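What follows is one structure encoded as C-alpha cells, with my remarks underneath.
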C-alpha cells in the first residue's frame with residue numbers, strides 16, 4: 001500500500017509576525033480548516049528565511065491544529081525562492097504546492113487544481129492574468145506595469161510564450177518535477193519561478209495555467225530593487241540555458 005502524502009504545502013516566511021492585517025496567522029488557520037474538510041493526506045512546511053521577529057514562535061503555535069507541520073528555522077536570510085527550494089526538496093508529497101505566507105491567494109484556490117492533480121499533471125500554476133475579475137485588490141499601477149513588461153520579456157527570452165503570469169506565488173509541482181528541476185535552481189532571490197518554468201518547458205512538461213483569486217496585501221517586500229534583481233536573474237537564467245549549464249532530461 002502506498003501511504004505517501006498526497007500534497008505538501010511549502011510556505012516561505014520572512015518577518016511575518018510584523019505584518020499588519022491579514023497574514024500568516026489567518027493563512028494557517030484557513031489551511032487547517034480547508035484540509036480538515038478535504039480529508040486528504042497533507043503536510044505543511046514553513047521555511048523561516050532568517051526573520052528578525054518571532055515568526056517561528058507564531059508558526060509553532062499552530063501545531064495543535066496542524067499536526068503535520070514542519071518548521072525550517074533558518075537564521076540567515078537567503079531569499080524567497082531559496083526558501084521555496086529548501087521546502088520543496090524537504091517535502092514528501094506526491095505533489096507540492098508553494099504559496100505565499102500572506103495568503104494573497106487563499107488556499108481554497110486549490111479547488112481548481114484537484115482535477116489536474118488527479119490526472120497526474122506535473123506543472124500547474126496560478127495566474128492573476130487569465131481572469132482579471134478574480135483580482136480582489138490590485139497592486140499599484142507602477143507595479144502592475146513593471147510586472148507586465150517583465151512577463152513579456154520572460155516569455156520572449158525563455159520561450160514561455162503564452163504563459164501570462166510566471167510570477168504568481170501559487171504553484172503545484174509533481175514530485176518528479178521537483179526532483180528533476182528544483183535542485184538545479186540558482187535564481188533563488190526572485191527568479192526561481194521563471195527558472196522552474198523554463199526548465200519544465202525545455203523538458204517537455206505541459207504547463208497548465210489556472211485562474212486564482214488574488215488580493216494585494218499592500219505590504220509586499222518587493223521594491224524596485226527586487227525588480228532589478230529579477231531582471232538580473234532572468235539574464236543569468238538565459239545565459240545558463242545558452243551555455244548548457246542545466247541538465248535537460
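The values are calculated or read from the model by the stated rules, or taken from the named source; none is laboratory data. Owing to the predicted nature of the structure, the values given are computational and were not obtained by experimental measurement. No Cβ is skipped: glycine too gets one built from the backbone with ideal geometry, and neighbour counts run over all protein chains shown.
Got a number for residues in segment 28-40 being modelled with pLDDT of 95 or more and crowded, with 16+ Cβ neighbours inside 10 Å?
Qualifying residue count for the region: 5.
Please work out if residue 218 is part of a helix (DSSP H, G or I), under 22 Å from residue 129 (Cα atoms) and modelled with pLDDT under 95.
Against the criterion (part of a helix (DSSP H, G or I), under 22 Å from residue 129 (Cα atoms) and modelled with pLDDT under 95), residue 218 does not qualify.
Scan segment 49-95 for residues that are free of Cβ contacts under 8 Å to residues at least 40 places away in the same chain and in a helix (DSSP H, G or I) and jot them down.
Matches in segment 49-95: 56, 60, 86.
Look through 5, 45 and report the one residue that is in contact with a helix residue (DSSP H, G or I) (Cβ under 9 Å, 6 or more places away or on another chain) and modelled with pLDDT of 90 or more.
The unique qualifying residue is 45.
Please go through segment 112-139 and give me each residue that is touching a strand residue (DSSP E or B) at 6+ places or on another chain (Cβ under 8 Å), surrounded by 15 or more Cβ atoms within 10 Å (Cβ to Cβ) and modelled with pLDDT under 80, ordered by number.
134, 135
Taking the condition in contact with a strand residue (DSSP E or B) (Cβ under 9 Å, 6 or more places away or on another chain) and modelled with pLDDT under 95, does residue 190 pass?
no
Could you run through segment 163-204 and say how many residues are surrounded by 19 or more Cβ atoms within 10 Å (Cβ to Cβ) and on the phi > 0 side of the Ramachandran plot?
Counting residues in segment 163-204 that are surrounded by 19 or more Cβ atoms within 10 Å (Cβ to Cβ) and on the phi > 0 side of the Ramachandran plot gives 0.
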